[in-house]
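Engineer: Have a look at this one.
The values are calculated or read from the model by the stated rules, or taken from the named source; none is laboratory data. Computed from a prediction, not measured in an experiment: that's the story for all the values here. FYI the Cβ positions are ideal-geometry reconstructions off the backbone, even for glycines, and counts take in every protein chain you see. Side chains included, ligands, DNA and RNA excluded: accessible areas come from the protein's heavy atoms. Shrake-Rupley method; radii C 1.70, N 1.55, O 1.52, S 1.80 Å.
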Amino acid sequence: EDGLHELGYTPGQAAAVHTLLDGRAGVLLVAGAADPFASRHRLGLANMLAAGNRLVVSLEHRVHFKSEVLVQLVLPSGESADFSALMAAALAMSPDVLFIDDVRSAEEARGLFEAVAAGVTVVAQLRSPGNPEALLRMVEFGIGKDVLARDLLGMVARRSLRKICPSCAGRRVLTPEESAALQAPPETSVAVPQGCAECGDGFRDRCVLQDLWVNTPAVAA
């Protein structure tokens, strides 16, 4: 789980992701922006899965990195692009896991669940601000709610946040309203940005947080 921790998962989230991806075939949707962290996230999950001697095939609109743990296939661009043909080629390899870097069309969305029918676990990235929006996007792509209830393993919303510069950060105590909203003990202090020669505006580097949603029988119903 250490690799997932580096991607921003809490220990509980990492354990849940391991459980989801080690079980039955289904689709794990990853919502977020198409940024450098998206490629890092995909590679981190792929490394975790390949470490268990699982064949991982990745369909990519654009290759942002080369990886020895993935069989990488580049999706053709343009109106004449035949996504179904490349999906068929990927499934002919009998992969354990299939990655799709950016679901852009109804045809690609349908392909995710067709792969599940072939017994494949799918990890698909989708440009979306959050999990509820990603779920609605699947419905807009024509994926039936009964299919989602049956085959959707869960969703992960990635959020990239700026980190407060450790060289100049100040501290302040949370207000009673903030403590109540965060369920934090009274007198909890937090860092505040101030700005220095090293950072300029009080922030330096970024971190990534994951919002994990798991499809349980109650939620599916």
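Engineer: Say whether the condition of being at pLDDT below 85, assigned to a helix (DSSP H, G or I), open to solvent by less than 20 Å² (accessible area, probe 1.4 Å) and more than 24 Å from A149 (Cβ to Cβ) is met by at least one residue in region 4-13.
Structural biologist: Yes; the residues of region 4-13 include at least one that is at pLDDT below 85, assigned to a helix (DSSP H, G or I), open to solvent by less than 20 Å² (accessible area, probe 1.4 Å) and more than 24 Å from A149 (Cβ to Cβ).
Engineer: Looking at this structure, is A184 of a type in the set (A, V, I, L, M, F, W, C), free of Cβ contacts under 8 Å to residues at least 12 places away in the same chain, in a loop (DSSP other than H, G, I, E, B) and open to solvent by 50 Å² or more (accessible area, probe 1.4 Å)?
Structural biologist: In short, no.
Results for (1) open to solvent by 90 Å² or more (accessible area, probe 1.4 Å); (2) closer than 22 Å to D35 by Cα; (3) not small (G, A, S), shown as yes or no for each residue.
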position	(1), (2), (3)
P166	yes, no, yes
P176	yes, no, yes
V190	no, no, yes
F203	no, yes, yes
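Engineer: Of all residues being in a loop (DSSP other than H, G, I, E, B) and modelled with pLDDT of 85 or more in region 73-100, which is surrounded by the most Cβ atoms within 10 Å (Cβ to Cβ)? Just the residue, please. Please lay out each step first, then the result.
Structural biologist: Start the filter on region 73-100 by keeping residues that are in a loop (DSSP other than H, G, I, E, B), which leaves 75-82, 93-96.
Within this subset, residues satisfying the condition of being modelled with pLDDT of 85 or more are 93-96.
Details: M93: 12, S94: 11, P95: 21, D96: 18.
Residue satisfying both the conditions and the ranking: P95.
Engineer: Still on this model: Being open to solvent by less than 50 Å² (accessible area, probe 1.4 Å), on the phi < 0 side of the Ramachandran plot and in contact with a Ser or Thr (Cβ under 8 Å, 6 or more places away or on another chain) is true for just one of L45, L21. Which residue is that?
Structural biologist: On the way: L45 fails: in contact with a Ser or Thr (Cβ under 8 Å, 6 or more places away or on another chain).
L21 is the lone residue from the list that is open to solvent by less than 50 Å² (accessible area, probe 1.4 Å), on the phi < 0 side of the Ramachandran plot and in contact with a Ser or Thr (Cβ under 8 Å, 6 or more places away or on another chain).
Engineer: Check P76 against each of (1) touching an Asp or Glu at 6+ places or on another chain (Cβ under 9 Å); (2) closer than 17 Å to V123 by Cα and name the one condition it does not meet.
Structural biologist: The single condition P76 does not satisfy is (2).
Engineer: Then there is this: Here is a list of conditions, (1) assigned to a strand (DSSP E or B); (2) of a type outside the set (G, A, S); (3) within 12 Å of L29 (Cα to Cα), and F113 meets all of them except one; can you say which number that is?
Structural biologist: So F113 meets the others, but not (1).
Engineer: Is there a residue being β-branched (V, I, T), open to solvent by 50 Å² or more (accessible area, probe 1.4 Å), modelled with pLDDT of 90 or more and farther than 24 Å from S94 by Cα anywhere in region 145-160?
Structural biologist: In the first step, residues of region 145-160 are kept if they are β-branched (V, I, T); the result is 147, 156.
When the remaining residues are screened for being open to solvent by 50 Å² or more (accessible area, probe 1.4 Å), the result is none.
Checked against the condition, which is being β-branched (V, I, T), open to solvent by 50 Å² or more (accessible area, probe 1.4 Å), modelled with pLDDT of 90 or more and farther than 24 Å from S94 by Cα, region 145-160 yields no hits at all.
Engineer: Could you tell me which numbered condition L126 fails, if it satisfies all but one of (1) open to solvent by less than 30 Å² (accessible area, probe 1.4 Å); (2) in a loop (DSSP other than H, G, I, E, B); (3) of a type in the set (A, V, I, L, M)?
Structural biologist: (2)
Engineer: Quick one: G200 ticks every box in (1) touching a helix residue (DSSP H, G or I) at 6+ places or on another chain (Cβ under 9 Å); (2) without any contact (Cβ under 8 Å) to a residue 12 or more places away in the chain except a single one, so which number is it?
Structural biologist: (1)
Engineer: Quick one: A33 ticks every box in (1) closer than 25 Å to P132 by Cβ; (2) open to solvent by 40 Å² or more (accessible area, probe 1.4 Å); (3) over 14 Å from the mean Cα position of the chain (by Cα) except a single one, so which number is it?
Structural biologist: All conditions are met except number (3).
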